[in-house]
Every structure is written in C-alpha cells, then in structure tokens.
Amino acid sequence: MALNKNQQLLSKIATNDRHGENSPYFDGWKAYDKNPYHPIDNREGVIQMGLAENQLCFDLIQKWIRGNPKASICTAEGVHEFKNIAIFQDYHGFKEFRQAVANFMGKARGGRVTFDPDRIVMSGGATGANETVMFCLANPGDAFLVPSPCYPAFDRDCGWRTGVQLIPVNCDSSNNFLITKAALEAAYERAQQDNINVKGLILANPSNPLGTVLDRDTLRSLVSFINEKKIHLVSDEIYAASVFSTPSFVSVSEIIEEMECDRDLIHIVYSLSKDMGLPGFRIGIVYSYNDAVVNCGRKMSSFGLVSSQTQHLLASMLSDDEFVDNFLKENSERLAKRHSLFTKGLEKVGITCLKSNAGLFVWMDLRRLLKEQTLESEMTLWRVIINEVKLNVSPGSSFHCSEPGWFRVCFANMDDVTVEVALERIRVFVEKQQVKNVTVEVALERIRVFVEKQQVKSKRKFQSNLKLSFTSRKYDESVMSPHMMSPRSPLVQART
Amino acid sequence: MRHLSTKATCNSHGQDSSYFLGWEEYEKNSYDKVQNPKGIIQMGLAENQLSFDLLESWLEKNPEPAGFKRDGKSIFRELALFQDYHGLPAFKKALVEFMAEIRGNRVSFDPNHMVLTAGATSANETLMFCLAEPGEAFLLPTPYYPGFDRDLKWRTGVEIVPIHCTSSNDFQITETALEAAYYEAQQCNLRVKGVLVTNPSNPLGTTLSRSELNLLISFITTKGIHLISDEIYSGTVFSSPGFVSVMEVLKDRNCDKSEVWDRVHIVYSLSKDLGLPGFRVGAIYSNDDMVVAAATKMSSFGLVSSQTQYLLSALLSDKKFTKNYISENQKRLKNRQNMLVMGLKRAGISCLKSNAGLFCWVNMRHLLRSDTFEAEMELWKKIVYDVRLNISPGSSCHCTEPGWFRVCFANMTEETLDLAIKRLKDFVVEHTANGHSKSNNSSKKSKRKLLPKWVLRLRDRDHEPDER
C-alpha cells in the first residue's frame with residue numbers, strides 16, 4: 001500500500017526500471033561483493049572480471065604527482081592557488097584544462113587531428129556526457145540506433161531521464177560483428193515503418209564489449225549513412241588511448257577531414273576514466289562540431305561540472321608533453337602484454353576470443369560450452385562460472401548480444417598474479433568439462449557395444465532393451481541421448 | 001539549429017538581452033584596485049570569500065590529504081578508482097555531522113539518507129526528476145534564486161508557480177499566498193507536486209520563522225505533496241533569530257513516523273557555507289528510502305570527484321576546525337553585512353532586516369521614477385553603467401514589487417565594499433538632487449504589475465557562472 005502511494009508521489013522516472021539495475025546481470029556483482037577474491041585473505045573468493053577498469057599505469061601517474069606538488073592545491077607549493085580554484089565554477093571550465101584535454105585527445109590519435117579547446121564541454125563522466133548529448137539532440141520519444149552488442153548502461157545514460165529510445169542494430173559473429181550499412185538501413189527502415197523518429201546513431205569506438213576498432217571503410221560508410229539520412233552520429237571514443245596493437249585507431253574526427261560531411265551532425269564523447277584509469281575523478285567531455293550543441297551542452301554542464309580541484313590537477317598533468325607521450329606509449333604496451341598473456345592462456349585450453357586490439361577486455365567465445373544455443377543456456381553457464389569457477393564475467397546478453405555464448409572478460413583491473421589465478425581456474429573448469437565429456441564418450445561407447453550385442457541376440461527385444469539400457473543407473477545422469485548431441489561439436493555438452 | 005531537441009533550441013527565444021548587460025559590462029570593465037580602479041564592482045555574485053585563510057591554514061597543517069595519503073600510505077589508486085555512487089563513507093559521515101553541527105546538533109542526519117551530487121544545481125534538478133512528471137508544478141515563494149528556472153524546469157519539464165510574497169509583511173510566506181498559488185496552478189491545469197523553499201532565503205537573506213515552517217508543513221500535509229528545503233545558506237546565519245531547519249520543526253511536531261516525514265527533503269551544498277563552489281559538492285537528504293534510492297542512481301550523472309570527497313572528508317572530520325570555522329565565518333559575515341547596511345543607511349537606503357546569506361535585499365523603491373519594472377530597469381542600468389556596480393534587479397528574482405535589488409557583500413575586500421558604498425552614496429545624492437526619484441512618502445502598496453515577458457521566460461545566460 002505504502003509502495004503504491006510512493007509510486008504516486010514519485011515520478012515515473014524514479015519508479016521505472018530504465019536505470020537497468022534490476023537486471024540479472026547484477027547477480028554477478030552481488031556474488032563478488034559477498035565473496036571478493038583476495039590473494040592472501042580470501043583466495044577462494046570471486047575474481048572480478050566484469051569491471052572494465054585500467055589499473056595498469058597508476059605508478060606513472062603517482063610518480064608524476066609526487067614530482068609536481070604545485071598541481072595539487074593542498075601542498076605548500078600549490079596552496080596559494082587554493083582560493084582561486086575553490087571559487088571557480090564557470091561552466092566554461094579552466095582554459096588550461098580544456099587545452100590540456102584537447103592536447104591529450106590529439107596525441108591519442110597520433111597527432112593526426114587537433115581538437116579545439118573551445119569545443120571542449122565538461123560533464124559528469126562519460127555517463128553525464130552521453131545523457132547531455134541526448135538532451136541536446138533528441139526529444140522524448142525520439143530514437144537512436146545503436147550497434148549491438150553494446151555497453152549495457154547506454155540505455156540508462158541515453159534514455160532514462162531523456163525519454164529517448166535506443167534501437168539495437170544487431171551484429172553477429174558471421175562477419176566478426178562488423179556493422180554493415182545494410183543492417184543500419186534495415187533498422188532505419190523498420191523504425192520509419194513503426195513511426196519512430198530516428199535522430200541519430202550512437203556507437204562506441206573502440207567498441208565495448210568487442211575490443212575492436214572500426215576500420216576506415218566502415219567508418220566512412222557510417223558517416224555517409226548519417227549524412228544521407230541527415231541524422232546525428234555520436235561517437236563514444238572513451239577507449240581511444242587504449243588501443244594496443246594494429247590496426248590503429250581511426251577516429252571520426254579524422255574521417256570528417258577526408259570526406260564531405262555535414263559537421264553539425266558529428267559529436268564525440270570522451271572521458272579519462274578508461275584511458276587514464278581515473279573513473280573516480282569524473283572527467284567527462286562532450287566534443288561537438290555543432291556550435292549550438294556546444295553552447296547548449298555547456299549550459300547543461302552546470303549539472304555535472306568537473307571539480308575545479310580535479311581540473312587543476314589534470315590541466316597540469318596533461319600539458320606535460322613528456323609525461324603524456326610516455327604515458328600513452330607505456331599504457332599501450334602494458335595493455336598489449338596483458339591482453340596477450342590472457343588470450344594465450346585461454347588458447348591453451350581451447351578457448352578463443354574475438355580478435356581484438358583495444359579496450360580493457362576480451363570478447364570470449366564459449367558457445368561450444370552451451371547446452372543449447374539459447375539465452376537460458378547462456379545464463380545457466382554464466383551462473384556456473386560465477387558460482388563454481390568463481391569469476392565474475394559479463395554474459396553477452398547483458399550487452400544485448402543476439403547470439404548466445406559470448407562473454408566479456410576484463411583483464412586490466414588486476415595484477416599479473418591474479419590473471420594467472422583466473423586462467424588456472426578456467427583451465428581447471430574446461431578440463432573438468434573435458435573429463436566429463438570423456439566419461440560420456442566412454443559411456444556412449446559402452447551403450448553402442450551393448451546395443452549391438454542385443455541386436456545380435458534378439459531383434460524383437462531391441463526396443464525394450466534399449467529402453468532398459470537408457471534408464472540404467474550405470475550411466476552418469478548427464479548422458480544424453482545420441483539424438484540430442486549437438487551437431488556442432490563432437491563433445492557432449494557440459495553439464496550446465 | 002535544425003535537428004536539435006526542443007530543449008536545445010528554446011534558448012534562442014524569450015531571452016532579454018538587457019539583463020545580461022550587467023554581466024557583460026562587468027566582464028568588459030572589471031574593477032581592479034590597481035589596474036582598473038574605475039571599473040565595475042561585482043556585487044551580483046553570492047560568493048563567500050571571507051574565510052579562505054582558515055581553510056588555507058588547515059591545509060598547511062594537514063599535508064596528508066593533499067598527497068593522496070592516509071597514515072603515510074598512498075591511497076591514490078583507491079581514490080582514482082572510486083566511483084561508487086553511494087559516495088565515500090567517511091565523507092558522508094563528516095558531511096552529515098557538519099550539517100548537524102550547523103543546526104546546533106538539535107537534529108541529526110543519517111548518512112544512508114544522503115545522496116551526493118555535483119553541486120546544489122544538480123541536487124535540485126535530480127529531485128525534480130524524482131518527484132514530478134513533465135508538466136507538473138512546484139510552488140516557490142517569490143522572490144527566488146533566478147537559477148531555479150534552469151535547475152528546476154529546463155530539462156525536467158516541470159513548471160514553477162510563484163507564491164507571491166510582499167514587503168507588507170517583510171516577504172514572509174502566508175497561508176493566503178500559499179492557497180492562492182495552489183489555486184492559480186489548478187486554474188492553469190497544473191498538478192502541484194510540492195513546495196520548494198530556500199531557507200535561509202536567497203535573495204532575502206532571512207531565515208524562515210518557526211510559524212512559516214509550521215504553516216508549510218501543515219500545508220503539504222493537507223495537500224499530500226512534497227516540501228523541499230534548500231538549506232544551502234544554513235551555515236551563513238550570523239544573528240538572531242537563529243536558523244531553524246524544517247527537520248527540527250518536524251521533530252518537534254512528532255512527525256517522525258508520519259507520512260509527511262517521507263515527503264520532506266533537504267538540499268545542501270558546500271558552495272556557500274565553505275566558499276567552495278568550484279568543488280561541486282551538493283547533497284540531497286531525504287527521509288524517503290525510495291527517493292534516496294532513485295536519486296542515488298541518478299547521481300551517476302553528476303558524482304562528486306573522489307579527489308574532492310577525500311580532501312573534504314579530512315577537513316570536515318576535524319571537529320576542532322569545523323567548530324572554529326562555523327563561528328568565525330558567521331562573525332565575519334555579520335560584520336560585513338553590518339558594514340553594508342550602515343553604509344547604505346548613510347546613503348538613505350534601507351534594506352530588509354536580514355540575519356543570513358551573503359547579500360542584502362536592498363530597497364531602492366524611493367529612487368524609482370515610477371512604481372514600475374521599466375523604472376526598475378532604468379535605475380538598474382544607471383547603477384551598472386554610471387555607478388559601476390553590478391547588482392541584481394528584483395525582477396530577475398521574480399519579485400512582484402519593483403525597486404528591490406540584491407547586493408552581495410562577501411565576495412570582495414572591505415576596501416572594495418567601502419568604495420562601492422561611497423559610489424552608491426554619491427549617486428543617490430546626485431540622483432535625488434536632480435529630482436529623478438519619486439517622493440519618499442510613496443509608501444502605498446504598489447499594484448501588481450505584469451512582469452516583463454523575459455522575466456517569466458528567463459532562460460540561460462551565455463556565460464553566467466553558477467552564481468546564486
């Protein structure tokens with residue numbers, strides 16, 4: 001009764017589910033929170049591999065901070081700036097901060113493009129940036145296309161308070177999850193038929209959860225698509241500096257320099273949460289080529305300005321070219337190393353991932369471990385991974401992946417030792433499955449031999465004997481009828 | 001402009017350029033004691049610059065939070081990664097204790113009922129998103145902080161219906177005014193979801209009386225609606241009557257277990273009391289679990305930087321510091337306000353009697369050519385261009401009576417304030433001598449004039465910092 005009353009007293013937004021937190025996706029988090037792994041205190045705990053954090057380069061940043069006490073307003077060297085910074089709430093942000101961020105963004109793209117500091121608008125993390133962009137570009141009820149699988153919180157960030165709907169454009173493994181113009185056209189047409197007003201396309205490049213970068217041709221076709229339809233393109237480039245091997249990252253900012261395009265339709269979202277590993281500092285950026293969006297976004301940034309203390313620190317840090325150049329290089333190398341360590345470890349136990357060169361995670365292919373190629377099977381396998389293997393990984397369905405069996409596994413939020421522990425657990429798990437499979441094969445072989453014997457003995461009694469043999473308790477209950485064996489795999493499915 | 005949302009394009013309409021003259025002129029011609037002694041003095045910015053030395057000396061004595069250290073160990077990594085929207089527990093604890101201290105510990109707050117936001121700007125907007133649908137309304141007593149038009153209405157689609165307060169009773173909220181506003185909303189087919197008050201008031205600089213608070217609680221109880229009390233200036237109360245928080249009154253009425261308890265929410269921030277607007281520290285405090293839950297999720301769009309949470313948790317946990325700061329800050333504000341009030345008195349200008357805030361609500365009705373908003377604008381332009389003081393005209397705060405101005409006193413040195421007062425005095429002498437103003441006897445209540453359209457549709461200024 002009280003709940004209903006509350007629901008009347010609260011808004012629909014406050015009581016609906018578009019914040020996305022009631023999805024079963026969070027069960028993994030709960031399991032981790034209840035029983036977090038610790039190398040000394042809790043070695044049997046759940047290892048967190050569902051959190052895309054970059055913990056590999058803190059030493060570089062700490063070293064810089066120690067060597068630059070002026071950048072902190074609280075040190076003896078920096079405190080004389082305290083008052084000016086504490087007072088500063090101008091939604092333009094510090095000029096030095098914007099210049100430093102523009103500088104960093106340009107370097108992350110190999111210096112192939114430059115960014116205008118006056119187009120840099122602050123926001124409360126990329127979370128705030130995506131919401132702000134939607135408020136500027138779309139009205140409640142309008143829609144944006146989003147290639148899927150995609151970052152789960154896009155729905156909350158883009159649609160919860162804005163009323164904007166997201167229409168997935170499904171990509172699958174048949175072509176390595178590439179976005180095709182055909183798929184976009186089809187999604188667009190369907191929306192038109194349903195009388196949905198499509199205002200644009202939003203995507204993450206590099207991709208979360210795939211860890212891949214868009215190739216030049218695809219990018220060009222995306223830009224020509226949105227141009228032709230006169231709709232917006234929002235490119236969330238939050239992982240721009242987390243690209244660690246070829247092919248190199250191509251930003252939409254580069255594409256618009258080399259082809260005809262209405263720049264008023266192009267917007268970039270950025271943040272320092274992934275590339276620098278500073279999600280706590282809430283540094284989000286809206287970078288639009290559309291003046292009206294810059295102006296409007298800037299006014300909206302009042303709702304999520306970056307703390308001036310943080311602006312001051314980062315302004316100093318990111319204008320240190322030596323630091324930035326070294327950081328970008330080191331970060332890339334460490335990510336590459338970690339990615340390699342992890343993927344090679346998986347390969348050793350026969351697990352493959354989508355070939356990737358960016359991001360803080362891999363897109364792991366566990367389709368062959370599914371009982372059936374269904375969402376339910378994926379969920380079942382996932383619960384086993386959490387509860388038995390004790391790894392919190394993210395099931396593909398939480399990324400709206402239309403193909404069951406894929407999992408996103410993060411590798412940059414732990415140390416090398418923990419990676420090894422995780423790989424060992426996976427190895428043990430896979431081997432267990434194989435042992436089970438061997439047992440099953442042996443069992444099946446026995447059935448076959450027995451059946452043949454029966455056939456020789458008596459043809460008439462064949463059926464009933466077969467029945468008997470199938471209900472016999474001699475065999476592991478997980479043995480399935482040969483009819484049910486997956487045509488894809490010679491192995492019987494895992495007991496999940 | 002095509003292809004953008006309605007929200008993005010509505011700004012281009014209904015925006016009167018004259019209001020921004022003051023700011024633009026100030027930007028073009030800022031007073032500087034040495035570089036530009038004839039420049040415009042900024043008195044339109046409600047900032048507290050009086051007590052930075054106290055903060056700076058604390059920082060000098062406490063180097064650890066500066067270097068991301070705790071007990072000698074580096075916690076940089078922890079902080080850099082900390083993005084939990086529940087906030088840093090140590091910070092929330094310190095903040096609720098600070099809030100309690102400001103209220104003389106007559107009430108206490110539970111950190112689990114507090115939601116951190118990027119400034120009070122974000123807190124107020126978030127509460128609107130939680131409590132009202134687009135097209136629904138909140139009642140606000142006038143005059144009110146101009147930024148509310150943006151914070152409460154812009155992206156949420158919520159409407160503001162004014163509760164008209166007048167100088168006849170020192171702008172206090174009356175039952176008649178409340179009922180009239182509620183009725184007006186209904187006439188416009190607007191469903192009223194609640195009342196929002198700022199206590200202490202911006203721009204009045206006064207605290208709500210116990211009877212006003214009781215009246216508000218009774219009103220929202222009868223109507224079954226919410227009450228939001230924006231207490232951003234609670235630490236700036238420098239003389240009697242003291243500050244009475246709505247929570248105290250609820251407690252006194254034994255409302256803790258009643259329904260109305262869940263419908264009262266407080267907004268707070270460190271931008272005024274501690275003078276740290278740049279740090280973007282705001283908070284929503286609600287007794288209602290569902291509001292707390294929803295607001296917490298929404299705070300993802302504007303969390304407080306962990307770097308800042310950490311620094312401030314150390315600062316506010318130092319009880320010796322907070323006790324001294326609160327009392328010293330209040331003393332300095334009292335002195336400064338007194339300076340302005342006395343100075344204005346010598347110039348023949350009176351103010352609303354106030355006991356809080358960073359500004360005075362100044363009565364210049366006797367200087368108006370006529371009892372109209374046009375005359376107010378005329379006077380204001382003179383003050384900006386000729387007197388070279390940027391002050392805020394009452395119409396920008398939706399005041400129904402022309403002739404009132406908000407004048408800030410805490411964002412400059414004593415010397416500068418002296419100069420400002422002198423300029424104003426000279427202006428009044430000249431102004432009166434030239435017969436520009438009405439006679440001082442015109443004390444009859446002015447009829448309610450229609451507010452100029454641009455006041456009603458006040459939208460965002462192009463380069464306005466988040467001033468209150």
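Across region B:30-48, the qualifying residues are those that are crowded, with 16+ Cβ neighbours inside 10 Å and in a loop (DSSP other than H, G, I, E, B), and the one among them that is modelled with the lowest pLDDT is B:45.
Could you pull out the residue among A:144, A:115, A:82, A:135 that is outside any helix (DSSP H, G or I) and in contact with a Cys (Cβ under 9 Å, 6 or more places away or on another chain)?
After ruling out the rest, the residue left standing is A:144.
Hey, can you tell me all the residues within region B:305-318 that are assigned to a helix (DSSP H, G or I) and either under 21 Å from the mean Cα position of the chain (by Cα) or free of Cβ contacts under 8 Å to residues at least 60 places away in the same chain (or both)? Across region B:305-318, the qualifying residue is only B:308. Can you pull out the residues in region A:348-374 that are closer than 22 Å to residue A:332 by Cβ, out of contact with any Pro (no Cβ under 8 Å at 6 or more places or on another chain) and not hydrophobic (A, V, I, L, M, F, W, C)? Those that are closer than 22 Å to residue A:332 by Cβ, out of contact with any Pro (no Cβ under 8 Å at 6 or more places or on another chain) and not hydrophobic (A, V, I, L, M, F, W, C): A:355, A:356. Give the residue that is nearest to the other protein chains (Cβ to nearest Cβ), with candidates limited to residues of region B:277-304 that are among the small types (Gly, Ala, Ser) and free of Cβ contacts under 8 Å to residues at least 12 places away in the same chain. The selected residue is B:278. Select from region B:49-65 the residues that are in a loop (DSSP other than H, G, I, E, B), surrounded by fewer than 18 Cβ atoms within 10 Å (Cβ to Cβ) and more than 10 Å from every other protein chain (Cβ to nearest Cβ) and list them in ascending order. Of everything in region B:49-65, nothing turns out to be in a loop (DSSP other than H, G, I, E, B), surrounded by fewer than 18 Cβ atoms within 10 Å (Cβ to Cβ) and more than 10 Å from every other protein chain (Cβ to nearest Cβ).
Say whether the condition of being within 29 Å of residue B:305 (Cβ to Cβ), of a type outside the set (A, V, I, L, M, F, W, C) and more than 12 Å from chain A (Cβ to nearest Cβ) is met by at least one residue in region B:237-246. Checked against the condition, which is being within 29 Å of residue B:305 (Cβ to Cβ), of a type outside the set (A, V, I, L, M, F, W, C) and more than 12 Å from chain A (Cβ to nearest Cβ), region B:237-246 yields at least one hit. Restricting B:300, B:354 to residues that are within 22 Å of the chain's Cα centre (by Cα), over 29 Å from residue B:71 (Cβ atoms) and outside any strand (DSSP E or B) narrows the list to B:354.
Within region B:102-115, take every residue that is touching a residue at least 60 places away in the same chain (Cβ under 8 Å) and touching a helix residue (DSSP H, G or I) at 6+ places or on another chain (Cβ under 6 Å) and give me the one that is surrounded by the most Cβ atoms within 10 Å (Cβ to Cβ). Among those that are touching a residue at least 60 places away in the same chain (Cβ under 8 Å) and touching a helix residue (DSSP H, G or I) at 6+ places or on another chain (Cβ under 6 Å), it is B:115. Within region B:247-276, can you find the residues that are within 23 Å of residue B:94 (Cβ to Cβ) and either assigned to a helix (DSSP H, G or I) or more than 13 Å from chain A (Cβ to nearest Cβ) (or both)? Hits for region B:247-276 are B:247, B:248, B:251, B:266, B:267, B:268. The lone criterion from (1) within 17 Å of residue A:389 (Cβ to Cβ); (2) touching a helix residue (DSSP H, G or I) at 6+ places or on another chain (Cβ under 9 Å) left unmet by residue A:36 is number (2). Annotation note: of B:228, B:232, the sole residue that is in contact with a Gly (Cβ under 8 Å, 6 or more places away or on another chain) and either part of a helix (DSSP H, G or I) or within 17 Å of residue B:285 (Cα to Cα) (or both) is B:228. For the residues A:282, A:216, A:263, the requirement of being more than 14 Å from chain B (Cβ to nearest Cβ) and either among the charged types (D, E, K, R) or buried (at least 21 other Cβ atoms within 10 Å of the Cβ) (or both) singles out A:216. I'd like to know if region B:149-157 contains one or more residues that are within 16 Å of the chain's Cα centre (by Cα), within 14 Å of chain A (Cβ to nearest Cβ), at pLDDT below 95 and outside any helix (DSSP H, G or I). The answer is no; no qualifying residue exists.
With respect to residue B:231, is the statement that it is under 30 Å from residue B:44 (Cα atoms) and of a type in the set (D, E, K, R) true?
Values: under 30 Å from residue B:44 (Cα atoms): yes; of a type in the set (D, E, K, R): yes.
So residue B:231 fits the description; yes.
The sole residue among B:76, B:68, B:82, B:91 that is within 14 Å of chain A (Cβ to nearest Cβ), closer than 22 Å to residue B:127 by Cβ, in contact with a helix residue (DSSP H, G or I) (Cβ under 6 Å, 6 or more places away or on another chain) and not small (Gly, Ala, Ser) is B:91. For region A:147-168, the set of residues classified as within 12 Å of residue A:204 (Cα to Cα) and part of a helix (DSSP H, G or I) consists of A:154 only.
Annotation: of all residues in region A:83-94 being surrounded by fewer than 20 Cβ atoms within 10 Å (Cβ to Cβ) and in contact with an Asp or Glu (Cβ under 9 Å, 6 or more places away or on another chain), the one that is farthest from the other protein chains (Cβ to nearest Cβ) is A:92.
Please determine, by comparing only the residues of region A:285-309 that are of a type in the set (S, T, N, Q) and crowded, with 24+ Cβ neighbours inside 10 Å, which one is modelled with the highest pLDDT. If you could, list the steps in order and put the result at the bottom.
Residues of region A:285-309 that are of a type in the set (S, T, N, Q), as a first pass: A:288, A:290, A:295, A:301-302, A:307-309.
Next cut, crowded, with 24+ Cβ neighbours inside 10 Å only: A:288, A:301-302, A:307-309.
Values: A:288: 98, A:301: 95, A:302: 95, A:307: 95, A:308: 95, A:309: 94.
Of everything passing the filter in region A:285-309, A:288 is modelled with the highest pLDDT.
Could you list, in sequence order, all residues of region B:322-351 that are within 24 Å of residue B:143 (Cβ to Cβ), β-branched (Val, Ile, Thr) and assigned to a helix (DSSP H, G or I)? The answer is B:341, and nothing else.
Among the residues making up region A:17-55, those that are away from every other protein chain (no Cβ under 14 Å) and touching a Cys at 6+ places or on another chain (Cβ under 8 Å) are A:49, A:50. Of the residues making up region A:382-419, those that are out of contact with any Gly (no Cβ under 8 Å at 6 or more places or on another chain), among the aliphatic types (A, V, I, L, M) and assigned to a helix (DSSP H, G or I) are A:384, A:385, A:389, A:417. Checking residue A:7 against (1) in a helix (DSSP H, G or I); (2) at pLDDT 85 or above; (3) surrounded by 13 or more Cβ atoms within 10 Å (Cβ to Cβ); (4) at the interface with chain B (Cβ under 10 Å from one of its Cβ atoms): exactly one of these is not met. Which one? Checking residue A:7 against (1) in a helix (DSSP H, G or I); (2) at pLDDT 85 or above; (3) surrounded by 13 or more Cβ atoms within 10 Å (Cβ to Cβ); (4) at the interface with chain B (Cβ under 10 Å from one of its Cβ atoms), the one that fails is (2).
The values are calculated or read from the model by the stated rules, or taken from the named source; none is laboratory data. Since the structure is predicted, the reported quantities are computational estimates derived from the model, not experimental observations. When we count neighbours, we look across all protein chains shown, and the Cβ atoms used for this are built from the backbone with ideal geometry, even at glycine.
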